[in-house]
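Only one structure is covered here, and it is reproduced in the block below.
What follows draws every value from the coordinates through simple rules; no lab data is involved. Values in this document were obtained by computation on a predicted structure and should not be read as measured data. Positions of Cβ are generated from backbone atoms using ideal geometry, with glycine treated the same way; all protein chains shown enter the neighbour counts.
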Amino acid sequence: MSKPIEPTPSQLMSVIQTQTAIAKLGLDLNAVMTVVAEQA
């Protein structure tokens with residue numbers, strides 16, 4: 001059985017930054033979609 005691949009610290013920081021940005025935007029779906037699209 002192979003060992004699961006773990007994310008790098010930089011990948012984890014990117015996820016945290018994106019989640020923080022989304023939390024700050026609240027219920028503004030258009031702004032949330034813009035942030036997510038820019039991260040892709």
So which residues in region 18-38 are surrounded by 12 or more Cβ atoms within 10 Å (Cβ to Cβ), in a helix (DSSP H, G or I) and not hydrophobic (A, V, I, L, M, F, W, C), if there are any at all? Thr18, Thr34
Pairs where the first residue, in region 1-23, is farther than 13 Å from Val35 by Cβ and free of Cβ contacts under 8 Å to residues at least 40 places away in the same chain and the second is assigned to a helix (DSSP H, G or I) and not charged (D, E, K, R), C-beta under 8 Å, 6+ apart: Pro7/Val15
